[in-house]
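Comments concern the structure below.
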Amino acid sequence: SDNIMKLRASDGLILGTFETGVRPIALTYDGTHVWVANKMNNNVMKFLGKDGSLVATISVGQQPEGLAFDGKDVWVTNGGDNTVTKLRLSDGASCTYMVGRRPMRLLHEGGNIWVVNNDSNSVTKLRGTDGVKLGTYRVGKGPTGIAFDGANIWVTNFYGNSVTQLRASDGQVLNTVSVADGPVGVAFVNGYVGVANYGSS
C-alpha cells in the first residue's frame with residue numbers, strides 16, 4: 001500500500017508507517033507537521049509529526065509533484081495543470097498561480113519561490129508573499145531537480161545531462177556543467193553541489 005515511514009535519525013530504525021493517498025511523491029516539514037503530496041489523488045495530506053496522526057487532507061491541482069515550506073506557507077507544484085498552489089498552514093486555505101509546463105520541484109529562497117518547469121525547459125521565480133511572477137529563465141532540456149547554495153540556483157537537466165547555475169538575484173545563467181546521464185536530484189552541502197545521475201547509476 002502507499003505510505004510514508006518515520007525513521008529514527010540516529011540509526012534509521014522504523015518508528016512508524018502511515019497510510020497516504022495513491023502515489024505519494026513529495027513531502028516537506030513545517031516544524032510541526034509533515035505534508036505529503038499524493039500525485040494520483042490531486043491532494044496533500046497533513047500529518048502531525050510527533051505521532052503521525054492525520055490532521056487534514058487538502059485538494060490541490062492536478063498531479064501534485066513537489067512541496068516546499070517557506071517558513072509561513074506550504075507550496076505545491078501541480079504538474080497536470082501547470083500551476084503552483086500556496087497553502088496556509090493554519091487552515092489549508094489556498095491561492096493558485098500559473099507557471100510553466102509540468103512544474104515539478106520547487107524551493108524557497110529568500111522570500112521567493114523557484115519552480116522547475118520540466119516541459120518548458122525553464123524555471124519560474126515567484127514572489128512568496130503574493131505569487132507575482134518575477135521572471136522565467138531558460139535552462140537545459142528536461143529540468144528536474146533544484147537546489148540553492150546561498151547565492152545561486154542549481155538546476156539538473158535530465159535530458160541535457162547537465163546542471164545549470166543561475167544567479168538567484170536576477171536569474172542570469174552563470175554556467176552549465178556537463179554531468180553523467182539523467183541527472184535528477186541535486187543538493188548543496190559544505191561548499192559542494194552533489195548530483196544524482198539516474199541514467200548512469
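Read the figures in this text as sums done on the coordinates, not as results from a lab. Quantities reported herein were computed from a predicted structural model and do not represent experimental measurements.
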*How big is D, in µm² s⁻¹, for the stretch 92-143 by Stokes-Einstein at 37 °C and 0.692 mPa s if Rh is the Kirkwood radius over C-alpha pairs?*
295 µm²/s
*Taking only C-alpha pairs under 8 Å that are 6+ residues apart, what is the relative contact order of the chain in percent?*
9 percent
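Which entries of LYS72/LYS125; LYS46/LYS125; LYS39/LYS125; LYS6/LYS72; LYS6/LYS46 show an alpha-carbon separation above 20 angstrom in the structure shown?
On the way: LYS72/LYS125 18 Å; LYS46/LYS125 26 Å; LYS39/LYS125 23 Å; LYS6/LYS72 23 Å; LYS6/LYS46 14 Å.
Over 20 Å apart, Cα to Cα: LYS46/LYS125; LYS39/LYS125; LYS6/LYS72.
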*Based only on Cα atoms, what Rg/Rh ratio does the stretch 16-94 have, Rh being taken as Kirkwood's radius?*
0.93
*Would you look at the GNM of the chain, springs on alpha carbons closer than 10 Å, and say which of LEU48, LEU13, LEU87 moves the most?*
LEU13
*Could you give the radius of gyration (one decimal) and Dmax (whole number) of the Cα atoms in the stretch 130-201, in Å?*
12.1, 40
